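As structure tokens, the structure follows; a few thoughts come after it.
Derivation of every value follows stated rules applied to the coordinates shown; laboratory data play no part. What you are looking at is a predicted structure, and each value in this text was computed from that prediction instead of being measured. Every residue, glycine among them, receives a Cβ derived from its backbone with ideal geometry; neighbour counts consider all protein chains shown.
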Amino acid sequence: MTRMLTIGAAQLGPIARTESRASAVARMIALLEKAAARGCRLVVFPELALTTFFPRWYEAELSAVDGWYEAEMPNADTQPLFDAAKRLGVGFYLGYAELTVEDGATHRYNTAILVDETGAIIGKYRKVHLPGHREDEPWRAFQHLEKRYFETGNLGFGAFKGFDGVMGMALCNDRRWPETYRVLALQGAEVMMLGYNTPMHYPPVPQHDHLQGFHNHLCMQAGAYQNGMWVVAVAKAGYEEGCELLGQSCIIAPTGEIVAMAGSQGDELITYDCDLDRTKEIKEHIFNFALHREPEAYRLITATKGPIPPA
Ligand code: CDV
């Protein structure tokens with residue numbers, strides 16, 4: 001048995017501060033068209049794919065950054081991407097900054113949506129693990145103000161039926177946390193899609209800068225294998241507004257093997273024929289959750305946020 005889903009990982013090169021959303025969308029449509037020609041039914045784009053990575057600049061007033069967010073999805077700038085999806089019969093995952101008013105209050109999230117082959121939104125995820133800091137830290141070469149500009153996602157790690165499988169979404173820093181994969185896998189996710197913006201320089205621990213590529217693949221290969229899922233991870237890469245961003249977008253099989261990887265720091269499409277039935281090689285054997293998991297022994301995972309050392 002095979003259940004083949006050809007997936008494209010559509011890496012983007014840098015997006016300048018002055019680049020319009022219309023321009024970013026045009027770049028994504030070009031990749032979507034290339035993906036359709038290669039037989040893809042699903043394409044994954046990066047985190048915050050419509051604009052430059054704006055959390056690298058401090059603003060005292062939150063209203064000063066509101067221009068980077070989308071208050072509606074689709075909107076006039078992104079509608080052409082939805083139209084292209086429908087025309088080509090290719091769905092997509094898209095990361096963007098979401099501004100929403102709920103119960104009379106304004107909320108800001110780092111969000112990803114899943115759009116099916118008809119151009120309909122079938123899933124939404126708001127980033128749970130927000131890295132960085134809340135206040136201005138001028139000692140850094142650049143800021144990473146996700147904790148200032150976004151609230152913790154309030155939708156949990158959702159899995160969505162689509163593309164004849166079960167699809168999971170996560171965003172950037174989520175990939176470093178094993179809980180992300182496990183909570184998705186416990187809902188039957190067969191694919192985890194993830195967009196990222198990962199600076200090569202990590203100001204608090206610069207001695208790890210040379211390990212960015214290694215840590216990127218290390219956590220995702222482990223997550224794929226330990227949860228028997230495909231992982232499709234897509235960078236915004238290259239030198240963006242003075243900050244070097246990691247590339248190495250990749251598609252990882254449920255065995256943990258990298259089966260496709262981007263070779264550039266620019267706009268690039270990589271594809272792979274992902275057989276969703278290959279998830280069974282892991283899920284029905286070495287990591288057969290129903291047979292081998294011992295949730296009673298894992299209670300601390302949800303009972304505490306920080307460690308509790310022995311008395
Ligand atoms: N956008 C991110 O979440 N970036 C983080 C960096 C700041 C460590 C990441 O995990 O790649």
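Note on the chain: Cα convex hull, mean projected area over all directions, 17.5 nm². Distance from the C-alpha centroid of the stretch 239-261 to that of the stretch 84-121: 23 Å, rounded to the whole angstrom. Sequence-distant contacts, meaning Cα pairs under 8 Å at least 6 residues apart, place the relative contact order of the chain at 21 percent. Between the residues P80, Y69, C40, the greatest Cα displacement towards the positive end of the dipole of the stretch 30-84, with unit charges on the Cβ of Lys, Arg, Asp and Glu, is found for C40. The ranking of E98, E179 by Cβ neighbour count inside 10 Å, starting from the fewest, reads E179, E98. Between the amide H of S249 and those of A235, A262, distances stay under 5 Å, these residues lying 5 or more places away or on another chain, with hydrogens modeled in the peptide plane. Taking the empirical scaling 2.2 N^0.38 Å for compact globular proteins as reference, the stretch 96-161 has a Cα radius of gyration ratio of 1.35.
In the chain, taking the dipole from charged Cβ atoms about the Cα centre, the farthest positive-side position among V128, F142, T304 is held by T304.
What residue among G119, Q207, L186 has its Cα farthest toward the positive end of the dipole of the chain, where the charges are +1 on Lys, Arg and -1 on Asp, Glu, each on the Cβ? In the chain, that residue is L186. Within straight-line reach of K236, meaning a Cα separation under 17 Å, sit the following aspartates and glutamates at least 8 residues removed in sequence or on another chain: E19, E47, E146, D174, E244, D267, E268. Across V231, V191, V101, mean-square fluctuation computed from a Gaussian network of the chain (C-alpha pairs under 10 Å connected) peaks at V101.
What's the exposure ranking of V115, V234, going from fewest to most Cβ atoms within 10 Å?
Least crowded to most crowded, the residues run V115, V234.
About its Cα centre, the stretch 151-274 has a charge dipole of approximately 340 debye under the convention of +1 per Lys or Arg Cβ and -1 per Asp or Glu Cβ, with nothing else charged.
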